[in-house]
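Taking it in order: structure first as structure tokens, then the write-up.
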Amino acid sequence: MARWEPNTRERLADAALDLFLEQGYESTTVAEIAERAGLTKKTFFRHFADKREVLFLGQDNLSRLFTDAITGAPDSATSIDAITAALLAAATVFDANHRPWAARRHTVVTANNDLRERELLKLAALTDAMADALRTRGTPDPEAVVAAELAGLTFRITFARWVSPPNRHPFADLARTTLHELLSAAADLSPA
């Protein structure tokens, strides 16, 4: 095995995903992942704390994309404009090239209770970060919290739609549609 090869993290993630789909998440070991990637177990642990983290590669970057888009929105932007900017920033990651991997990852995560729980915890942290970014812009509570929760819900629904097999629409289009649907549904809930 070579001491260093390019794209080590991605190779490990691809090998792990292949094995998770072939034999199940619980049945796959770190040693098997490293072997499939042509690397050592030691190399695996240089890049990931455990096999679960392979599936959450890039979460910090995603959070940064969301929060940077919110804080970078024009001063005149409403909280809805700011979360729209965040959702559209995420679309730069969720492009057509990334969709097959994301869809396979989604299959693994949704099939395992512990991974679904981890995904929800990551989404909660992302939502908290967006609320903090909105507060940094001067958005008061509870508006910052509601807008961040709306963005998190929009992201979750959009992602599930984006990775579904019949979908061929870009993430950005689905995000706009989903946000519009949720805003319309919320308007329908207001008292007459």
(request) Among the aspartates and glutamates, select those whose C-alpha is under 15 Å from the C-alpha of Lys122, and discard any that sit fewer than 8 residues away in the same chain. (result) Glu53, Asp60, Asp114, Glu149
(request) Would you compute the Debye intensity of segment 8-54 from its alpha-carbon atoms alone, equal scatterers and no solvent, and pass along log10 I(q)/I(0) at q = 0.30 Å⁻¹ to two decimals? (result) -1.16
(request) Enumerate the whole-percent occupancy of each 5 Å bin, from 0 to the last occupied one, for all C-alpha pair distances of segment 46-153. (result) 2, 13, 20, 21, 17, 13, 9, 4, 1
(message) So, R0 is 25 Å and r is the distance between the beta-carbons of Ser76 and Leu123; what FRET efficiency does that work out to, to 0.05?
(response) 0.30
(message) Defining a contact as two alpha carbons under 8 Å apart and six or more residues distant in sequence, what relative contact order in percent does the chain show?
(response) 19
(message) With bins 5 Å wide starting at 0, give me the P(r) of segment 149-192 over every alpha carbon pair, in whole percents.
(response) 5, 24, 28, 20, 12, 6, 3, 1
(request) Enter the per residue convex hull volume of segment 24-79, computed from alpha-carbon coordinates, in Å³ rounded to the nearest integer. (result) 108
(request) Over all directions, average the projected area of the Cα convex hull of segment 101-192 and note it in nm². (result) 7.5
(request) Based on other C-beta atoms within 10 Å, arrange Lys51, Lys122 from fewest to most. (result) Lys122, Lys51
(request) Using Cα centres only, tell me the gap between segment 1-54 and segment 62-118 in whole Å. (result) 24
(request) Take each complete run of DSSP H in the chain, measure how far its Cα atoms stretch along the helix's own axis, and keep only those covering 20 Å or more with mean Kyte-Doolittle hydropathy at least -0.5; list them. (result) 8-23, 113-136, 143-163, 171-189
(request) Choose one of Leu121, Ala85, Ala15: the residue whose Cα lies farthest towards the positive end of the charge dipole of the chain (beta-carbon charges +1 Lys, Arg; -1 Asp, Glu; about the Cα centre). (result) Ala15
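Each reported figure results from applying straightforward, stated rules to the coordinates on display, with no laboratory input. Because the structure is predicted, anything quoted here is derived from the model rather than measured. Because the Cβ atoms are built from the backbone with ideal geometry, glycine has one as well, and the counts that use them run over all protein chains shown.
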